1. Quick one: which of Leu44, Leu38 is within 19 Å of Met226 (Cα to Cα), within 23 Å of the chain's Cα centre (by Cα) and either modelled with pLDDT under 95 or of a type outside the set (Ser, Thr, Tyr) (or both)?
2. Scan region 124-139 and give yes if some residue there is farther than 11 Å from Gln283 by Cα, basic (Lys, Arg) and not in a loop (DSSP other than H, G, I, E, B), otherwise no.
3. Return the residue satisfying two criteria in turn: it lies in region 140-188 and is outside any helix (DSSP H, G or I) and among the polar types (S, T, N, Q), and of such residues it is farthest from Ser302 (Cα to Cα).
4. With the checklist (1) at pLDDT 50 or above; (2) surrounded by 14 or more Cβ atoms within 10 Å (Cβ to Cβ); (3) aliphatic (A, V, I, L, M) in hand, flag the one item Ala28 doesn't pass.
5. Being polar (S, T, N, Q) and either at pLDDT 95 or above or part of a helix (DSSP H, G or I) (or both) is the filter here, so list the residues in region 210-265 that pass it.
6. Does Val149 satisfy the criteria of being of a type outside the set (Asp, Glu) and buried (at least 20 other Cβ atoms within 10 Å of the Cβ)?
7. Test Phe297 against the stated conditions and say whether it is closer than 17 Å to Val149 by Cα and either touching a Cys at 6+ places or on another chain (Cβ under 8 Å) or part of a helix (DSSP H, G or I) (or both).
8. Determine whether region 130-141 contains at least one residue that is under 21 Å from Leu277 (Cβ atoms) and in contact with a helix residue (DSSP H, G or I) (Cβ under 6 Å, 6 or more places away or on another chain).
Amino acid sequence: MKRWAWFLLGALLASVLLLLGRPQGPGAPEGSFYTLYLGSQPFLFTEIPPAVGDRFLSSDGMALEVVGREGRGAWLKVLGPATEIYGPLAEGLLPEELPALSVKDLTALVPRTPPKKRLVVIYHSHTDESYIPARGIDSEPEGGAILEVGGAFKAALLDQGFTHVVHDLTNFWPHDEGSYARSRRAVLEYLQERPLFLWDVHRDAGPGPEVYRTSYGGRSISQIMMVVGKGNPFYPDNLTFARSLMAVMESLFPGLIKGIFLAEGTYNQDLSPGALLLEVGNQWTPLEEAILSMDLFARGLSRWVQGLGRP
């Protein structure tokens with residue numbers, strides 16, 4: 001092949017890689033995340049496409065709503081305290097002060113089985129998601145570093161006394177609109193065991209690690225955002241669960257939970273009132289920070305279960 005032909009082929013390949021845009025550098029404004037503004041200031045960066053009417057409940061108790069969107073930008077307005085919109089949780093934030101879920105108590109399905117002996121399922125609808133500091137890339141079709149985060153979550157739950165934890169490593173690639181339908185088929189196989197929790201563990205996207213970073217005990221950790229799908233019959237229960245869990249986490253580990261994003265869709269949460277999606281950091285989060293956060297999250301979840309007044 002002539003030299004000019006090799007040059008043309010190389011240029012074409014470089015163009016394709018550029019268009020793919022993986023990984024994107026910190027501060028990349030397009031293609032990987034959305035910016036939600038409060039006034040003129042960025043308030044939240046997320047990979048979840050925001051829609052008008054979506055809401056965000058902050059860990060400090062405020063409710064905000066998406067009131068407009070254009071391209072990769074969206075605008076929020078403050079609605080007021082979440083307790084005024086969704087009702088109070090309890091008089092205190094400690095686990096022992098929080099009531100059991102009022103509509104579909106998570107433990108009522110199998111009342112004779114202590115919660116920590118119930119099945120807990122961890123899976124990843126987007127198994128390709130990864131962390132650039134650890135892997136040098138944000139997506140790995142064969143399985144990204146998000147699987148390590150799920151594995152760390154399982155280990156932490158076992159350390160906290162949960163005895164029946166499954167980490168499903170089924171690969172649901174490609175990362176597309178069909179991912180949740182594919183993961184749903186896998187999750188359905190566990191429903192006959194009446195799982196207490198279904199955790200779909202992801203990582204978010206943003207311009208850099210600092211927008212998903214906090215600290216605890218002098219160490220940097222990743223924040224975690226909980227996502228609740230508004231389009232399912234368990235929505236009130238998923239939301240009650242998420243709000244009470246966030247209250248417990250905030251009382252134990254302030255800042256660990258970034259907030260709760262109430263988004264369009266179901267995210268397979270119609271399968272259980274104990275189903276939630278977790279966004280653990282973003283593509284720029286150091287893996288060790290994400291793993292530390294899952295250890296704290298497991299400790300908080302253990303306290304939440306104990307707060308139900310059951311063994």
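The values are calculated or read from the model by the stated rules, or taken from the named source; none is laboratory data. In this text, all values refer to a predicted model and were calculated from it rather than measured experimentally. Counting neighbours? That spans all protein chains shown, and the Cβs are built from the backbone with ideal geometry, glycine included.
1. Leu44
2. Among the residues of region 124-139, not one is farther than 11 Å from Gln283 by Cα, basic (Lys, Arg) and not in a loop (DSSP other than H, G, I, E, B), which makes the answer no.
3. Filtering first and then ranking leaves Asn171.
4. (1)
5. Those that are polar (S, T, N, Q) and either at pLDDT 95 or above or part of a helix (DSSP H, G or I) (or both): Thr214, Ser215, Ser220, Ser222, Gln223, Asn238, Thr240, Ser244, Ser251.
6. Judged against the criteria, Val149 is a match.
7. Yes.
8. yes
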